[in-house]
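Reviewing the structure listed below.
Values in this text are rule-based calculations from the coordinates and carry no lab data. Everything numeric here is computed off the predicted structure, so don't read it as measured data. Using ideal geometry, Cβ is built from the backbone for each residue, glycine included, and neighbour counts are taken over all protein chains shown.
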Amino acid sequence: MLVIVKENYDEMSKEAAKIVASRLRRKPNLVLGLATGSTPVGLYKELIRMHKEEGLDFSKVVTFNLDEYIGLPPQHDQSYRYFMDVNLFNHINIEKRYIHVPNGMADDIEAHCEWYEEQIKKFGGIDLQILGIGANGHIAFNEPGSSLGSRTRIKTLTQQTIKDNARFFKSIEEVPKYAITMGIGTIMEAKEIILLASGKNKADAVKAAVEGPITAMCPASIIQMHRKAFVIVDKEAASKLSQEFTG
Ligand code: PGA
C-alpha cells in the first residue's frame, strides 16, 4: 500500500489522474473500475481536461461502476448511471457499449449480479479500480459488517445512508432502499486500486483503513491486503495518521 498525501483536493485529484493516464497510455483497452460520489469528481474533471487538451484516448476503454440504486432508471438524475454520464462519459470518447453500470431496473437482480461478475471476467478483470471511502469506512455500498469475501449483490441501505441521501430527493420516501454493489471480494480482484479521500470528516475512516486492524467493521481496511493499492488523500483526510507520509 502506498499512501500519498497531497496538499489539497485538487492536488489529490491530479495525482490520481496521472496514474490513470499512465495506465491508459500503456494499455489503451484498460478495464477501469469507477466510483460515484463527490470525491472522484475532480479526478474525472482532470481526465476530461487531458482528453480535450492532450488527446487522452478512451476509445478502447472498458468501464465497470461499483454500484447503482435499485429502482432508478438510468435517466433519473440521482441514478449513478446519470452521474457518470454527466461527470465523465458525456465528455470523453468512450464507446457506450463498453460502459457497465449495474442495472437497477433489472427484472431478475440476482441473475443480473451474476451477469455483471461474468462481464468483468470476460474483459479480463478490472485493471484499475477507483474507490471512495465513507466516513464509516464503507466502500461502494459495502457497509460495516459486510463480508470481506462478498461478490456483486443486493444490499439494503442503512437508515443512516437513507437519511444522508434524502437531501437529493423530494422526500425521504423516494430514496431507494436497496442497491446493487460490487462485493469486497470483487473489488479486491482488481489488479490495482486507488482509494481517494478528502476532508476532515474522512480522517477517522482513513486512519482506520490504513493503520487499523483489518476488519469487516471497516470494509476499507481490506485494502491492506491488496498487492498494489494507492491511498491518495489530502492533508485533512490524512490528519489522523500516526505515520508521516508525503506526496
Ligand atoms: P463521497 O462518498 O465521495 O461523496 O464522500 C464516498 C463514499 O461514500 O464512498
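Would you compute, from DSSP H runs of 4+ residues alone, the mean residue ellipticity of the chain at 222 nm, taking -39500 (n - 2.57) per run and dividing by the full residue count, rounded to the nearest 500? Let's see the in-between values first.
Numbers: 7 runs with 75 residues, N = 247.
Calculated from helices alone, the mean residue ellipticity at 222 nm is -9000 deg cm²/dmol.
If you put +1 on each Lys and Arg Cβ and -1 on each Asp and Glu Cβ, how big is the dipole of the stretch 2-234 around its Cα centre, in Debye rounded to 20?
Details: 29 positive and 29 negative charges, 104 e Å.
Dipole magnitude for the stretch 2-234 comes out near 500 debye.
Cut-off is 10 Å between beta-carbons; in what order do 152, 63, 158 appear when sorted fewest neighbours first?
Ascending Cβ contact count within 10 Å gives the list 158, 63, 152.
Looking only at Cα atoms, what is the convex hull volume of the chain per residue, in Å³? Please report the intermediate quantities before stating the final value.
Numbers: hull volume 28.8 nm³, N = 247.
For the chain, the hull spanned by Cα atoms encloses 116 Å³ per residue.
Output the relative contact order of the chain, whole-number percent, from Cα pairs under 8 angstrom with separation of 6+ residues.
Details: 513 pairs, mean separation 66.0, N = 247.
RCO, the chain: 27 percent.
Mind scanning 27/240; 122/170; 177/207; 6/177; 45/202 and naming the pairs with a C-alpha gap bigger than 31 Å?
On the way: 27/240 36 Å; 122/170 39 Å; 177/207 29 Å; 6/177 36 Å; 45/202 21 Å.
Too far apart for the 31 Å limit: 27/240; 122/170; 6/177.
Calculate the length of the line joining the C-alpha centroid of the stretch 181-233 to that of the stretch 80-104, in whole Å.
24
Give the share of C-alpha pairs in each 5 angstrom bin for the stretch 181-231, from 0 to the last occupied bin, in whole percents, shortest bins first.
4, 20, 31, 27, 15, 3
State the answer as a single residue: which of 216, 226, 116 lies farthest towards the positive end of the charge dipole of the chain, with beta carbon charges of +1 for Lys and Arg and -1 for Asp and Glu, about the Cα centre.
226
Can you put 153, 227 in order, fewest other beta carbons within 10 Å first?
On the way: 153 21, 227 10.
Least crowded to most crowded, the residues run 227, 153.
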